[in-house]
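One structure is given below, encoded as structure tokens.
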Amino acid sequence: MAERTGTAEAVERPESLSAWQLRFARVFPYAIAFLAIVAGWQVAALIFPSYLIPSPGSVVRRLGGELAREAFLITVGRSFFRLSIGFTLASFLGLMVGLASGVWPFFRRFTRALVSILQSVPPIAWVPLFIILLGFGDYPIILVIIIAAFFPMAVAVMNGVEQVEKLHVDVARLLGADNKQLIAKVYAPEVIPSIVTGAQVGFGNAWRSLIAAEMVGGVNIGLGWFINFAGEIADMTGVLTGIVVIGLFSAVLDGYVLERLKRRLLKWKYV
Amino acid sequence: MEIRVKSQLGGDGPEKIVVEKLVQSFDALTVIDRISLKVAEGEFLAIVGPSGCGKSTLLRVLAGLVKPTAGRVRIDGKDVNGPNRRHSLVFQEHALFPWRTVFQNVALGLEIERQSHEQIRQRVTELLALVGLDQFPGYYPHQLSGGMRQRAALARVLAVDPDVLLLDEPFGALDAMTRLTLQDELLRIFLNSGKTVILVTHDVEEALFLADRVIIMSTVPGRIREVIPVTEKRPRDRGSANLAGLKRTVLGILGLEPVIGNVRVPETNFSI
Ligand SMILES: Nc1ncnc2c1ncn2[C@@H]1O[C@H](COP(=O)(O)OP(=O)(O)OP(=O)(O)O)[C@@H](O)[C@H]1O
Ligand SMILES: [Mg+2]
């Protein structure tokens with residue numbers, strides 16, 4: 001019995017020993033990158049006059065002021081509203097199409113062809129068409145986000161289903177699994193990593209397309225619009241404030257929220 | 001201990017597995033060519049043969065994973081037409097699920113049976129002790145050695161207690177010591193449970209130590225070349241003169257000799 005407790009420890013030790021090292025190894029590159037950006041910016045701010053490149057300090061002060069302003073919060077909130085609707089719909093559609101393509105070879109060829117034709121078009125190129133079709137407002141922007149996030153998800157899931165280990169399916173069938181159990185115990189766990197990858201790539205695409213679409217989409221609210229408008233009135237501090245907000249949010253969402261989700265779902269890979 | 005003497009036709013027990021003129025082709029390649037075979041209930045059958053002669057394919061057909069191109073396979077008098085938990089297969093590749101721990105892998109079949117947590121915990125703990133993995137329930141497959149993975153795969157199939165146990169080189173990746181231990185363990189399970197076992201192996205000594213009959217297959221397309229009954233009483237002495245003689249016979253049929261020129265091939269773990 002004494003041996004058993006000893007082994008339980010032995011099982012856990014590799015995890016706990018390296019836990020802080022792992023965290024450090026994960027955070028450290030981010031910190032370095034962050035410092036490099038701020039340093040480069042500060043140098044540029046010293047070289048150029050402040051009406052061209054304001055210093056990081058002045059942008060931080062402006063950001064503080066903006067965050068206290070309701071209009072700014074509403075504008076950021078609107079961007080998030082568009083992003084969450086577009087990204088959610090795209091992920092769901094991509095998941096469905098990806099699963100169907102993984103299962104049915106004909107559908108797979110169809111999706112492949114569709115992707116190879118449409119993927120070469122930057123999502124933002126659709127904006128004029130969508131504005132004419134749907135009018136100014138949230139719809140064309142959301143549609144652009146859907147296009148941006150759909151393909152990465154569909155392709156990742158399709159490949160994920162295709163790559164499900166046939167041997168694992170056979171093992172489960174031999175042990176008596178019915179179709180529902182096959183899905184729960186083999187297909188889902190094997191495809192989840194691909195879904196996470198699809199979501200991560202799709203999210204990056206969606207976020208970039210959101211800002212771009214808001215800049216050219218003729219709306220008068222949203223982060224992209226905020227930057228565009230500041231540029232038009234030569235408010236460089238405003239432009240950089242918008243850029244900082246974009247960088248911070250996507251770093252937090254992609255680098256922290258999605259990364260944590262991934263590590264949770266793929267715990268076994270990180271042992 | 002009752003010692004049964006098996007004839008070439010399948011022994012004295014009731015017929016458990018009947019294979020009739022089985023043919024298995026993949027496109028133009030015929031892998032198995034008209035194999036007929038009867039295995040008695042409670043018999044231990046070993047199959048040896050050159051690499052690529054269709055041994056794994058034969059086990060997959062028996063397990064119901066592959067539909068035969070022609071011929072019939074019956075188990076307990078019923079045609080095999082799909083996988084069935086009563087006849088389970090331990091794959092040559094361990095095929096553990098990488099996202100499950102050792103414990104969870106062994107529990108898979110019991111989860112599929114919808115057993116309670118407590119039942120599963122008990123049974124898995126028992127099995128892990130049996131295959132010597134009780135120290136490693138929380139390990140993931142990529143943290144295990146090759147031999148440990150094979151033992152986990154064996155435990156996973158033993159968990160559902162099949163009455164036909166199909167084993168595809170289950171001890172292939174093991175060191176000599178562990179292999180001998182697990183052979184003894186397998187023999188114990190076999191003698192205590194009355195399971196019917198078909199073991200594919202490259203190790204002639206292993207086949208002779210364990211089996212009631214050893215089937216020797218020819219090169220592709222696989223046919224049964226010879227059936228060697230092993231009548232020696234169990235537990236057998238690995239070093240007995242009788243087994244050594246039989247080994248010579250088997251290796252001779254396979255076109256190999258234990259002594260090649262002046263180079264003496266080690267007696268233990270001679271593999272083909
Ligand atoms: N699904 C498949 N499709 C096409 N050919 C296959 C398939 N499965 C097996 N084969 C072929 O059948 C032949 C026999 O394969 P099998 O795995 O049964 O050999 P084996 O006797 O188990 O060999 P080894 O001792 O090396 O494991 C090989 O030539 C292999 O290429
Ligand atoms: Mg094989």
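The values are calculated or read from the model by the stated rules, or taken from the named source; none is laboratory data. On a predicted model such as this, the values are computed, not experimentally measured, just so you know. Backbone-built Cβ (ideal geometry, glycine too); neighbour counts: all protein chains shown.
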- [ ] Provide a single number: the residues in region A:206-249 that are surrounded by 16 or more Cβ atoms within 10 Å (Cβ to Cβ), among the polar types (S, T, N, Q) and over 16 Å from residue A:64 (Cβ atoms).
- [x] 2
Open item on the list: For region B:152-166, give me each residue that is within 13 Å of chain A (Cβ to nearest Cβ) and closer than 26 Å to residue B:205 by Cα.
Closed with: B:152, B:153, B:154, B:155, B:156, B:157, B:158, B:162, B:164, B:165, B:166
Open item on the list: Considering only residues that are away from chain A (no Cβ under 13 Å) and away from ligand 2 (no atom under 16 Å from the Cβ), which ones fall in region B:54-70?
Closed with: B:67, B:68, B:69, B:70
Task: Number of positions in region B:105-151 that are within 12 Å of chain A (Cβ to nearest Cβ) and assigned to a helix (DSSP H, G or I) - done: 14
Task: Given (1) in contact with a strand residue (DSSP E or B) (Cβ under 9 Å, 6 or more places away or on another chain); (2) β-branched (Val, Ile, Thr); (3) within 13 Å of chain A (Cβ to nearest Cβ), number of the condition residue B:73 does not satisfy - done: (3)
Open item on the list: Quick check on this structure: which one of A:98, A:137, A:176, A:102 is touching a residue at least 24 places away in the same chain (Cβ under 8 Å), out of contact with any strand residue (DSSP E or B) (no Cβ under 6 Å at 6 or more places or on another chain) and at positive phi?
Closed with: A:137
Task: Single condition residue B:166 does not satisfy, out of (1) away from ligand 2 (no atom under 16 Å from the Cβ); (2) crowded, with 21+ Cβ neighbours inside 10 Å; (3) among the aliphatic types (A, V, I, L, M) - done: (1)
- [ ] Can you work out which of the residues in region B:60-87 that are touching a Leu at 6+ places or on another chain (Cβ under 6 Å) and small (Gly, Ala, Ser) is surrounded by the fewest Cβ atoms within 10 Å (Cβ to Cβ)?
- [x] B:71
TODO: Identify, from the list B:123, B:85, the residue that is modelled with pLDDT under 95 and away from ligand 2 (no atom under 16 Å from the Cβ).
DONE: B:85
Open item on the list: Anything in region B:108-160 that is surrounded by fewer than 16 Cβ atoms within 10 Å (Cβ to Cβ) and either among the aromatic types (Phe, Trp, Tyr) or under 22 Å from the mean Cα position of the chain (by Cα) (or both)? List them, or say none.
Closed with: B:126, B:129, B:145, B:146
Task: Filter result for the condition that a residue is basic (Lys, Arg) and touching a residue at least 40 places away in the same chain (Cβ under 8 Å), over A:62, A:109, A:69 - done: A:62
- [ ] Determine whether residue B:36 is modelled with pLDDT under 95, more than 12 Å from ligand 1 (Cβ to nearest atom) and away from every other protein chain (no Cβ under 14 Å).
- [x] yes
- [ ] Answer yes or no as to whether residue B:51 is within 15 Å of ligand 2 (Cβ to nearest atom), away from chain A (no Cβ under 14 Å) and out of contact with any helix residue (DSSP H, G or I) (no Cβ under 9 Å at 6 or more places or on another chain).
- [x] yes
Open item on the list: Given (1) of a type outside the set (S, T, N, Q); (2) within 14 Å of chain B (Cβ to nearest Cβ); (3) over 20 Å from the mean Cα position of the chain (by Cα), identify the lone condition not met by residue A:130.
Closed with: (2)
Task: Among (1) part of a loop (DSSP other than H, G, I, E, B); (2) under 11 Å from the mean Cα position of the chain (by Cα), the one test that residue B:166 misses - done: (1)
Open item on the list: Among the residues of region B:86-110, what is the count of those that are within 28 Å of residue B:17 (Cβ to Cβ) and of a type outside the set (S, T, N, Q)?
Closed with: 13
Task: Matching residues in region B:43-63 - criterion: being in a loop (DSSP other than H, G, I, E, B), within 15 Å of ligand 1 (Cβ to nearest atom) and not polar (S, T, N, Q) - done: B:49, B:50, B:52, B:53, B:54, B:63
Open item on the list: Test of understanding: among B:27, B:33, which residue is free of Cβ contacts under 8 Å to residues at least 24 places away in the same chain, away from ligand 2 (no atom under 16 Å from the Cβ) and not polar (S, T, N, Q)?
Closed with: B:27
Task: Hits in region B:84-100 (condition: within 16 Å of ligand 1 (Cβ to nearest atom) and either at the interface with chain A (Cβ under 8 Å from one of its Cβ atoms) or assigned to a strand (DSSP E or B) (or both)) - done: B:89, B:90, B:91, B:93, B:95
- [ ] Only one of these is more than 16 Å from ligand 1 (Cβ to nearest atom) and in contact with a Phe, Trp or Tyr (Cβ under 8 Å, 6 or more places away or on another chain): B:204, B:197. Name it.
- [x] B:197
TODO: Identify the residue in region B:204-227 that is outside any helix (DSSP H, G or I) and in contact with a helix residue (DSSP H, G or I) (Cβ under 8 Å, 6 or more places away or on another chain) and, among all such residues, is surrounded by the most Cβ atoms within 10 Å (Cβ to Cβ).
DONE: B:214
